[in-house]
1. Quick one: would you say SER97 is closer than 17 Å to LEU11 by Cα, over 12 Å from the mean Cα position of the chain (by Cα), polar (S, T, N, Q) and surrounded by fewer than 23 Cβ atoms within 10 Å (Cβ to Cβ)?
2. Here are some conditions: (1) open to solvent by less than 50 Å² (accessible area, probe 1.4 Å); (2) within 11 Å of the chain's Cα centre (by Cα). ALA28 meets all but one. Which one does it not meet?
3. Exactly one condition in (1) modelled with pLDDT under 80; (2) within 16 Å of THR19 (Cα to Cα) is not met by PHE64; state its number.
4. Within region 59-80, can you find the residues that are part of a helix (DSSP H, G or I), among the hydrophobic types (A, V, I, L, M, F, W, C) and open to solvent by less than 20 Å² (accessible area, probe 1.4 Å)?
5. Can you confirm whether region 81-90 contains a residue that is outside any helix (DSSP H, G or I), among the β-branched types (Val, Ile, Thr) and touching a strand residue (DSSP E or B) at 6+ places or on another chain (Cβ under 7 Å)?
Amino acid sequence: MSASVPYILVLYYSRHGATQTLAEQITAGIESVSGIEARMRCVPEVSTVCEQTQPEIPDSGAMFVELDDLRHCAGLAIGSPTRFGNMAAPLKYFLDSTSELWMNGALIDKPATAFSSSSSLHGGQETTLITMLIPLLHHGMVYAGVPYSATELLETTQGGTPYGTTHVSGKRGDNDVDANERRLAHAQGKRIARLALSMLPLREK
């Protein structure tokens, strides 16, 4: 990854792998656009009862995110499984640590998008996306969903919303991310990459 090439931060938390799969498809969509790159990062688990230490490098998947990954990104794609219609605690914990960026306006006029997964079709996918949207708006980011030019929105029988790509994992988590969900995530990545490139001159004025 070149230091001079702008990048989209693809930031996610994934417990069983479905959200990570969506993140990988969004990354592929970003990297299909010339002139911009993707930087995949995840967040560590948090503990409610004691200090929990994590290895500096995860056993698998993306590296853990650092504040500078968010500070210097040209755009953000953020993903989480649903937790009672809300984003998962590890992702919320990281967002709660970004006050310094908010105070300095570091994310103003940068595009952002979100993605999610749930075990059931009506398991809170859309509200989870909206809970991720709220702190991004406080940061001054410009939110972009998935437009209906992505015709899979009209064809999917599982995940997929205009607020962001979603996946239905099933009661036992045994549903794979299907073709429509993969194409929607790819289209979402491509869109956020194009928006980030077009908005760079706005932030440079």
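The values are calculated or read from the model by the stated rules, or taken from the named source; none is laboratory data. If you're wondering where the values come from, they're calculated on a predicted model, not measured in any experiment. Please note: Cβ atoms are built from the backbone with ideal geometry, for glycine as well, and neighbour counts cover all protein chains shown. Protein only, heavy atoms only, side chains kept; ligands, DNA and RNA dropped before computing areas. Shrake-Rupley method; radii C 1.70, N 1.55, O 1.52, S 1.80 Å.
1. Yes.
2. (2)
3. Checking PHE64 against (1) modelled with pLDDT under 80; (2) within 16 Å of THR19 (Cα to Cα), the one that fails is (1).
4. Within region 59-80, just LEU70 meets the criteria.
5. The answer is yes, given that some residue of region 81-90 is outside any helix (DSSP H, G or I), among the β-branched types (Val, Ile, Thr) and touching a strand residue (DSSP E or B) at 6+ places or on another chain (Cβ under 7 Å).
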